[in-house]
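Asks: Dropping the structure in here first, questions after.
The values are calculated or read from the model by the stated rules, or taken from the named source; none is laboratory data. Every value quoted in this text rests on a predicted model; they were computed, and no experiment measured them. Glycine also receives a Cβ, built like all others from the backbone with ideal geometry; neighbour counts cover every protein chain displayed.
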Amino acid sequence: MTLTNWAGNTAFRAQSVHHPASLDELQRLVSAGSRVRALGSGHSFNDVADTDGDLVVLDRMPDAVEIDSAAATVRVPARMTYARLAPQVHRAGFALANLASLPHISVAGSVATGTHGSGDATPGLASAVSSLDLVTADGSVLTLSRGDADFPGAVVALGALGIVTSLTLDLVPAFEVRQYVREGLTVAALADFDQIMAGAYSVSLFTDWRDTRVWLKSTEELTDADWYGTTPADGPRHPLPAMSAENCTIQLGVPGPWYERLPHFRPDAEPSGAGDELQSELILPREHAVKALRELYAIGDRIRPVLQISEVRSIAPDDLWLSPFRGRDSVGIHFTWIRDVAAVLPVLELVEETLAPFAPRPHWGKLFTRRPECPGEFRSLVRRLDPEGKFANDFTRILLQE
């Protein structure tokens, strides 16, 4: 049977797929291999995890979670999903400051590709990492911690430095969130974009570049009846207007724990279109957001035929070398496309051309056609830790070209 990603648009070419059951077994496998890559939960939409050598899946590795209450951190195995991790953290009285819209994804894969949640004051998921362990090309284990010179290059690293086996994440005190959906946001309301995005702990705009709804995830009760010209939804909503909201997290302002409200989708249900989609996302500097969004609304008629929905979110900056949010307050513009690569690519190219003047960076795990810039210090780190290119694949070779 052919191994594919979640969406089915990428078939992995690996000669062998391995499921090591211990760290020693993984170290021996990596040491003996000539080309090795790790596969997480398979939620990337490109070939970032692909290889024509040995593909490693960590689903049989130990999965113990270690919470250090005094330090407010949690050490998690790379294979762990946020859906499995979050309840354990919550029971200990803690929370993660941010979660992606999809809790089904693995921690290591999410971090390695720069995945994020939403919030003016909240950086991407990788910013929570305070240390990580990885098996390097010679089979040895390297631990890097915040403050180490190489640490900013090793967190969002696309699997190019080794196989991450565990990560330590920062925690915050557990908190409650209420989720609201507002409907009827107009293009004219973009004049208040900064205030809208600051309207809750996490804010998402869902749009088909004609009709726009607002998802507000708030730590406080919201009572404003006329919020920037919108009206409250009269029932639960799915981000895709035609779909039932039964698989979405609870809305209508009902308070609940952070991990049951920050994601859009319930961990015990199939998310979104259950893989019947393609995704891309471009991350822009915050100061260009309004002009960029207006440009996209202007070409909405050309986007809609292959679009299921778009989502706009804000993300705080970090200092990680390959992070799409490095050094700048950012806005992510996400596209959930129909699953038809031939039809989508010309429209994606149009979107990339439209946004090119605004210095976009891609989400590493989604579709893009323009080669991104790669910081020189990351190239040097890869050459030093993996001089023979054991962890290289087509994706990283193109990125690392001088």
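Asks: If A225 satisfies all but one of (1) of a type in the set (G, A, S); (2) part of a loop (DSSP other than H, G, I, E, B); (3) modelled with pLDDT of 95 or more, what's the number of the condition it fails?
Replies: Of the numbered conditions (1) of a type in the set (G, A, S); (2) part of a loop (DSSP other than H, G, I, E, B); (3) modelled with pLDDT of 95 or more, the odd one out for A225 is (3).
Asks: Going residue by residue through segment 103-110, is there one that turns out to be buried (at least 21 other Cβ atoms within 10 Å of the Cβ), among the hydrophobic types (A, V, I, L, M, F, W, C), assigned by TED's automatic domain parsing to the domain that holds T81 and at pLDDT below 95?
Replies: yes
Asks: Report yes if R237 is at pLDDT 95 or above, exposed (fewer than 15 other Cβ atoms within 10 Å of the Cβ) and closer than 30 Å to A298 by Cα, otherwise no.
Replies: no
Asks: Going by what's in this entry, would A7 be described as in contact with a strand residue (DSSP E or B) (Cβ under 7 Å, 6 or more places away or on another chain), buried (at least 17 other Cβ atoms within 10 Å of the Cβ) and at pLDDT 90 or above?
Replies: Answer is no for this residue.
Asks: Here is a further query. Across segment 306-320, what is the number of residues that are in contact with a helix residue (DSSP H, G or I) (Cβ under 6 Å, 6 or more places away or on another chain) and crowded, with 20+ Cβ neighbours inside 10 Å?
Replies: Count: 3.
Asks: Given the conditions (1) in a loop (DSSP other than H, G, I, E, B); (2) outside the structural domain of R261 (by TED's automatic domain parsing); (3) surrounded by 17 or more Cβ atoms within 10 Å (Cβ to Cβ); (4) without any contact (Cβ under 8 Å) to a residue 40 or more places away in the chain, which single one is not true for G199?
Replies: Unmet for G199, out of (1) in a loop (DSSP other than H, G, I, E, B); (2) outside the structural domain of R261 (by TED's automatic domain parsing); (3) surrounded by 17 or more Cβ atoms within 10 Å (Cβ to Cβ); (4) without any contact (Cβ under 8 Å) to a residue 40 or more places away in the chain: (2).
Asks: Tell me the residue from R302, R294, R313, R328 that is assigned by TED's automatic domain parsing to the domain that holds A242, basic (K, R) and in a strand (DSSP E or B), please.
Replies: Among R302, R294, R313, R328, only R313 is assigned by TED's automatic domain parsing to the domain that holds A242, basic (K, R) and in a strand (DSSP E or B).
Asks: Separate question: Please find, among V164, V156, V181, the residue that is of a type in the set (V, I, T), outside any helix (DSSP H, G or I) and over 28 Å from D54 (Cβ atoms).
Replies: V181
Asks: To continue, here is another question. Could you please find all residues in segment 169-192 being over 18 Å from the mean Cα position of the chain (by Cα) and more than 30 Å from A298 (Cβ to Cβ)?
Replies: Residues satisfying the conditions are L171, V172, P173, A174, F175, E176, V177, R178, Q179.
Asks: Let me ask something else. Tell me whether segment 300-309 contains one or more residues that are at pLDDT below 95 and of a type in the set (D, E).
Replies: Among the residues of segment 300-309, not one is at pLDDT below 95 and of a type in the set (D, E), which makes the answer no.
Asks: Report the residue count in segment 208-234 for those that are aromatic (F, W, Y), touching a helix residue (DSSP H, G or I) at 6+ places or on another chain (Cβ under 6 Å) and closer than 27 Å to P305 by Cα.
Replies: 1
Asks: Just for segment 332-353: of the residues that are of a type in the set (V, I, T) and in contact (Cβ under 8 Å) with a residue 60 or more places away in the chain, which one is nearest to G119 (Cα to Cα)?
Replies: Filtering segment 332-353 for residues that are of a type in the set (V, I, T) and in contact (Cβ under 8 Å) with a residue 60 or more places away in the chain, the one nearest to G119 (Cα to Cα) comes out as T336.
Asks: Which of the residues belonging to segment 367-388 are of a type in the set (K, R), exposed (fewer than 12 other Cβ atoms within 10 Å of the Cβ) and not in a helix (DSSP H, G or I)?
Replies: Listed by number, the list holds a single entry, R371.
Asks: Among the numbered criteria (1) at pLDDT below 95; (2) more than 20 Å from the chain's Cα centre (by Cα); (3) of a type outside the set (G, A, S), which single criterion is violated by D138?
Replies: Here D138 meets the rest and fails (1).
Asks: Looking at the structure I just gave you, is G114 part of a loop (DSSP other than H, G, I, E, B), closer than 15 Å to A154 by Cβ and modelled with pLDDT of 95 or more?
Replies: The answer is yes for G114.
Asks: Please go through segment 244-267 and pick out each residue that is in a strand (DSSP E or B) and surrounded by fewer than 20 Cβ atoms within 10 Å (Cβ to Cβ).
Replies: The answer is G256, P257.
Asks: Moving on to the next point. Any chance you could count how many residues in segment 147-188 are touching a strand residue (DSSP E or B) at 6+ places or on another chain (Cβ under 7 Å), farther than 27 Å from A70 by Cα and among the hydroxyl-bearing types (S, T, Y)?
Replies: Qualifying residue count for the region: 1.
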